[in-house]
Amino acid sequence: MKIVVAIKQVPARDSSLRVAADGKWVEDGDLSFEINEPDAYALEEGLQLKEKHGGEVIVVCLGPSRAQQTIREALAKGADRALHIEYDDTNSLDTLGIAQLLSKAVAAENADLVLTGLQSDDLGYGQTGVVMAELLGWASSTIIMQVDKTDGGIRVKRELEDGWFQNIDIPLPAVLTIQSGSKKLRYATLMGIKKAKSKEIKALSPASLGVTPSTAAGVSKIYFPQKSKQTQILEGPAREVAAKLVEKLKFEVRVI
């Protein structure tokens, strides 16, 4: 089974963020970066499938040159090789543009299965995997807790609401978005880190893929929420005041 895992490099969760001068993103010059945590679970799922059924795990990452640090981490954990789509200004791309580049790279690999994290830690759109599936014309499913290989394809376990789960048989090839926390993440071993240095990272570009990515949507402005205090005094009979208070807590503050 040939498995492609899409990973993303994002700012570390404990980073101190500052809005950039243009107001469209954050200053990244002094940030530290790490693998997007939901994608780490997708990678773990792919590695466990490889250990059970054999095959190859390929990671694909869209990002600037610094993303190679995250790619090497994935290789150190057990991925066999990597595709790096070099693109400096990934923040200028919308979900469709990102999916166009990733799906084109995946199509050239003739993969059986593509795994992505449920969403990214920085933007959290949760759309890339399903848009990739649409562009590839493959089956897809989301919020996956478990993947088992069958004679005719795969059986997946999806997490639903209120503690319910759904089991679905899906033909291959397919794209799945993996739920965070579905597996225990592994650490890169010293031997894995050494082997990662000799594993292939194939450099790609939009031009080499023949793709002009979409920019139909974009971020117009980001800002820190304004902190303010506001006091309202409710007057009248106790019963009326209590009714007004409950209404505000329910519909305005939304805590009950």
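Observations on the model:
- Residue in region 1-15 that is modelled with pLDDT of 95 or more, in contact with a Ser or Thr (Cβ under 6 Å, 6 or more places away or on another chain), at negative phi and of a type in the set (A, V, I, L, M) present: yes
- Residue check for Ile58: more than 17 Å from Leu118 (Cβ to Cβ) and assigned to a strand (DSSP E or B): yes
- Enumeration of residues in region 205-251 that are at pLDDT below 85 and more than 30 Å from Leu93 (Cβ to Cβ): Lys227, Ser228, Lys229, Gln230, Thr231, Gln232
- Picking from residues in region 1-52 that are of a type in the set (Phe, Trp, Tyr) and in contact (Cβ under 8 Å) with a residue 60 or more places away in the chain, the one that is farthest from Met132 (Cα to Cα) is Trp25.
- The criterion of at least 3 residues that are crowded, with 19+ Cβ neighbours inside 10 Å is met, among strands (runs of 3 or more DSSP E) falling completely within region 144-196, by 174-178.
- If you go through region 22-48 and keep only what is in a loop (DSSP other than H, G, I, E, B) and under 22 Å from Ser65 (Cα atoms), you end up with Lys24, Trp25, Glu27, Asp28, Gly29, Asp30, Leu31, Ser32, Asn36.
- Any hit, region 56-71, residues being in contact (Cβ under 8 Å) with a residue 60 or more places away in the chain, within 12 Å of Val4 (Cα to Cα) and not hydrophobic (A, V, I, L, M, F, W, C): no
The values are calculated or read from the model by the stated rules, or taken from the named source; none is laboratory data. Being a predicted model, the structure only gives us computed values, none of them experimental. Glycine gets a Cβ as well: all are built from the backbone with ideal geometry, and neighbour counts include every protein chain shown.
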